[in-house]
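To start, the structure under review is shown below, and the notes come after it.
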Amino acid sequence: MTLDEMPVGSEGVISAVNGDGPLRCRLLDMGLIPKTRVEKIKVAPLGDPMQIRIRGYELTLRADDAKKIVLKEAGA
């Protein structure tokens, strides 16, 4: 499952960050690194952008960027 597919209010753990070059580096710099717990807080009415909680702060991501974040369920 990717971050954009995760339901609002649920948590997951990042298993991989896809993407190439500067985009991947930017996502990693924002704290989206493997083995990090992430919670999807809310989504804009038209589905883009979305707000997540990671490492104690809230971050807003575009749906295209969220498709690059692969998750596994928090309990798995």
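Compute the signed sum of charges (Lys and Arg +1, Asp and Glu -1) over the other residues within less than 15 Å, Cβ to Cβ, of M1.
Once all neighbours under 15 Å are counted, the net charge is 0.
What percent does the relative contact order of the chain come to when contacts are Cα pairs within less than 8 Å and at least six residues apart?
42 percent
Counting each DSSP H run of 4 or more residues in the chain as -39500 (n - 2.57), what helix-only mean residue ellipticity at 222 nm follows after dividing by all residues, to the nearest 500 deg cm²/dmol?
When only DSSP H runs of four or more count, the value is -4000 deg cm²/dmol.
Report, by chain and number, residues whose modeled amide H sits under 5 Å from the one on K68, excluding near sequence neighbours (fewer than 5 apart, same chain).
Placed amide hydrogens put nothing under 5 Å from K68.
If we restrict to alpha carbons, what Rg and Dmax does the chain come to, in Å?
Looking at the chain, its Cα Rg and Dmax stand at 11.1, 31 Å.
Take L59, L27 and order them by how many other Cβ atoms sit within 10 Å, fewest up front.
The fewest-first ordering by Cβ neighbours comes to L59, L27.
Name the shape class, rounded, prolate or oblate, that the alpha-carbon gyration tensor gives for region 7-51, where a ≥ b ≥ c are the square roots of its eigenvalues, rounded holds for a/c under 1.5, and otherwise prolate holds if a/b is larger than b/c and oblate otherwise.
Oblate shape, in that a/c is at least 1.5 and b/c is the bigger or equal ratio.
Using a 7 Å offset from Cα along Cα-Cβ at R37, what residues in region 56-72 end up with backbone N under 12 Å from the label point?
56
Using a Gaussian network model of the chain whose springs link C-alpha atoms within less than 10 Å, name the residue from A16, A44, A66 with the highest mean-square fluctuation.
A44
Please get the size of the charge dipole for the chain, origin at its Cα centre, with Cβ charges of +1 on Lys and Arg and -1 on Asp and Glu, quoted in debye to the nearest 20.
Taking the Cα centre of the chain as origin, the dipole is about 200 debye.
We did not get these values from a lab; they are worked out from the coordinates using the rules stated. Everything numeric in this text was worked out from a predicted model, so none of it was measured. Using ideal geometry, Cβ is built from the backbone for each residue, glycine included, and neighbour counts are taken over all protein chains shown.
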